[in-house]
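Please treat every number below as a calculation from the coordinates, not as lab data. Keep in mind that this is a model prediction, so the values were computed, not measured. Virtual Cβ from ideal backbone geometry, glycine too; neighbours counted across all protein chains shown.
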Amino acid sequence: MQAVANKAQEHMGLHPTTVSSGYKAREGGETMKALAWFGAGDVRVIDAPIPDIVDPNDVILKVTGTTICGSDLHLFHGEIMALQKGDILGHEFMGVVDRVGPSVKNVKVGQRVVSSFQIACGSCHFCKEGMSSMCDNTNNSSLQNYMYGTRDAGFFGYSHFTGGFAGGQAEYVRVPVADYNLLPIPDEVTDEQALYLSDVLPTSYHNVVDTGVNEGDVVGIWGMGPIGQCAAKWAKLKGAKRVIVIDKYPNRLDFAREQSGAETINFSEVKDVAKRIHELVPGGLDVALDCGTFHEPKTLLHKIQKGLMLETDVPETVNEMILAVRKRGRCGLVAVYAGFTNGFNIGALMEKGIRFIGNGQAPTKKYWDEILYDYIIPGKLDPTFMISHRVPLEDMAKLYAAFDQRQSGVEKVFVETKFSNPPSPGCPKTTRVDDWEKT
Ligand SMILES: NC(=O)c1ccc[n+]([C@@H]2O[C@H](COP(=O)([O-])OP(=O)(O)OC[C@H]3O[C@@H](n4cnc5c(N)ncnc54)[C@H](O)[C@@H]3O)[C@@H](O)[C@H]2O)c1
Ligand SMILES: [Zn+2]
Ligand SMILES: [Zn+2]
């Protein structure tokens with residue numbers, strides 16, 4: 001798939017952008033540790049050149065915290081198009097400003113900041129509304145333009161389908177349009193509280209807010225990784241009366257019960273999830289949220305179709321959601337999908353009058369001030385609840401495999417570099433992936 005996608009992209013030529021994804025090595029040939037993609041199931045920690053300023057509005061960050069996301073697993077499995085060998089991955093990171101370009105006004109060398117996972121221009125009409133993930137000017141993928149009719153913003157470390165920008169699972173990273181794409185962190189907020197403003201917190205918040213969770217709603221959430229765990233918290237904070245969560249990992253279900261008072265359905269035990277939901281909630285859910293993953297087919301039918309490349313994505317979660325909601329219910333998709341799926345229940349969607357909402361990639365810019373100042377600082381939501389492990393960047397390749405297998409009860413991980421502060425009180429201490437339990 002990668003070879004075909006890269007060939008097609010080469011044939012079409014790059015779409016014009018106002019922000020370059022160029023990578024300039026710093027003078028002197030110094031290198032850094034970074035995680036790079038080499039093939040499906042093959043990521044490695046390599047020595048890469050330390051990046052330098054390319055455009056005048058760039059910043060170079062010394063990374064003090066990074067992590068792994070369910071979205072990285074789609075790259076790990078080679079399910080996202082136009083990956084190239086040697087691409088540096090990672091789209092959630094924070095750091096300390098190391099170098100600033102001459103046009104940067106809002107951040108200074110030495111400042112502590114968190115980066116958005118998307119690279120936005122700050123001046124197109126989407127950016128002016130804070131819809132940074134929809135920026136028109138930063139993704140040069142004509143392949144995405146061909147497949148979707150338009151393009152997302154460029155993303156850090158997320159293939160050439162989203163612009164080919166180097167990512168932040170590294171000791172240093174280049175952040176273009178730094179005034180717009182970096183958020184300064186107040187001193188009273190710890191690194192562990194700040195890091196997840198990069199992605200998980202705005203993404204889960206967007207899923208809940210954009211789909212519309214109202215006071216008294218009954219909400220179902222598919223997928224209890226970090227995104228689903230946070231969505232359950234946000235749903236409760238927005239007034240949901242009941243939250244019902246679906247996954248197959250007992251520890252993830254137990255965690256949602258403890259943390260958010262959720263009711264749970266284990267789909268490895270309950271074959272007909274929608275039927276169970278109608279037993280629990282006669283008439284159906286008000287809201288269904290998809291925080292799962294498109295690359296794990298449940299049924300033999302879709303294992304075969306996906307294996308034969310007759311579809312790129314599986315429809316099982318969305319079909320359950322459509323069946324499980326009430327008439328006129330709302331379904332919101334923040335889980336990533338990439339292409340095409342077979343057997344989508346379009347009839348039920350139409351006949352039930354369902355509001356089916358693709359939430360898109362989450363616009364971090366729209367939400368991160370609100371999350372930081374209205375929820376984290378007043379203590380209404382402490383993001384550290386989801387951190388299960390802390391590991392050094394040297395273990396990043398091993399972490400991909402362990403996170404993919406959901407080993408050792410992993411939820412969200414804090415990945416430290418040589419520039420990190422020590423763990424904050426109450427947060428996990430550093431462990432090595434080799435020492436994790438294998439189950
Ligand atoms: N839209 C965005 O901006 C954005 C940003 C970040 C992550 N995401 C996406 O959000 C999703 C969740 O991310 P995460 O980090 O929590 O991932 P994760 O891989 O840790 O968790 C996914 C969970 O979904 C569960 N799951 C798989 N199939 C299921 C099914 N049929 N029914 C119920 N549960 C099922 C898995 O068991 C797993 O626990 C991923 O698809 C990720 O790509 C989207
Ligand atoms: Zn992510
Ligand atoms: Zn823009």
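Report relative contact order for the chain in percent, whole number only (criteria: Cα-Cα under 8 Å, sequence separation at least 6). Across the chain, relative contact order equals 16 percent.
Counting Lys +1, Arg +1, Asp -1, Glu -1, what net charge surrounds Glu215 among other residues with beta carbon under 12 Å of its beta carbon? Show your work: numbers first, answer last.
Details: positive: Lys236, Lys238, Lys241; negative: Asp217, Asp286.
Surrounding charge for Glu215 is +1.
The mean sequence distance of close C-alpha pairs (under 8 Å, at least 6 residues apart), as a share of the length of the stretch 203-358, puts its relative contact order at 23 percent.
How far, in nm, would the chain grow between Asp404 and Glu10 when pulled straight, counting 0.36 nm per residue and subtracting the alpha carbon separation?
Values: separation 394, 0.36 × 394 = 141.84 nm, distance 3.11 nm.
Going from the current span to full extension adds 138.7 nm.
Of the GluC sites (Glu not before Pro) found in the stretch 396-439, those in coil by DSSP whose Cβ has at most 14 other Cβ atoms within 10 Å are Glu437. So if I take the centroid of the Cα atoms in the stretch 206-269 and the same for the stretch 299-321, what is the distance between those two points in Å? Taking the Cα centre of each part, the stretch 206-269 and the stretch 299-321 sit 23 Å apart. Charged neighbours of Gly409, selected by a Cβ distance under 15 Å, balance to 0 (K, R count +1; D, E count -1). Computed 3J(HN,Hα) for the stretch 406-414, one whole-Hz value per residue from the Karplus formula 6.51 cos²θ - 1.76 cosθ + 1.60 where θ = phi - 60°, is 6, 5, 6, x, 5, 10, 9, 10, 9, glycine and proline marked x. Extension gain, Lys418-Lys438: 0.36 nm per intervening residue step, less the Cα-Cα distance, totals 4.5 nm. More than 41 angstrom separation, counting every C-alpha pair in the chain; what % is that? Taking all Cα-Cα pairs of the chain, the fraction more than 41 Å apart is 11 percent. Going by a ≥ b ≥ c, the root eigenvalues of the Cα gyration tensor, does the stretch 112-241 fall in the rounded group (a/c under 1.5), the prolate group (a/b larger than b/c) or the oblate group? Oblate.
Ranking of Asp98, Asp286, Asp434 by neighbouring Cβ atoms within 10 Å, starting from the fewest: Asp434, Asp98, Asp286.
Filter the GluC sites (Glu not before Pro) in the stretch 23-117 to those in DSSP coil with at most 12 other Cβ atoms within 10 Å of their Cβ, and list the result. Don't jump to the answer; show the numbers that get you there.
Values: sites: Glu27, Glu30, Glu79, Glu92; in loops: Glu30, Glu79, Glu92.
Hits after loop and neighbour filter: Glu30.
Stretching His77 away from Lys275 to a fully extended chain increases their span by 68.1 nm, per 0.36 nm per residue minus the current alpha-carbon distance.
A cut-off under 10 angstrom between Cβ atoms defines the neighbours of Leu285, and their net charge, with Lys, Arg +1 and Asp, Glu -1, is +1. When the chain is treated as a Gaussian network with alpha carbon springs shorter than 10 Å, the biggest mean-square fluctuation among Ser198, Ser116, Ser420 belongs to Ser420.
Among Gly343, Gly22, Gly95, the largest mean-square fluctuation in a Gaussian network model of the chain, built with springs joining Cα atoms closer than 10 Å, belongs to Gly343. The spacing between the stretch 51-124 and the stretch 372-439, judged by their C-alpha centroids, is 19 Å.
Residues of the chain were split at every exposed loop site, defined as trypsin sites (Lys or Arg not before Pro) in a DSSP loop with at most 10 other C-beta atoms within 10 angstrom, and the longest piece left, sites excluded, is 106-270.
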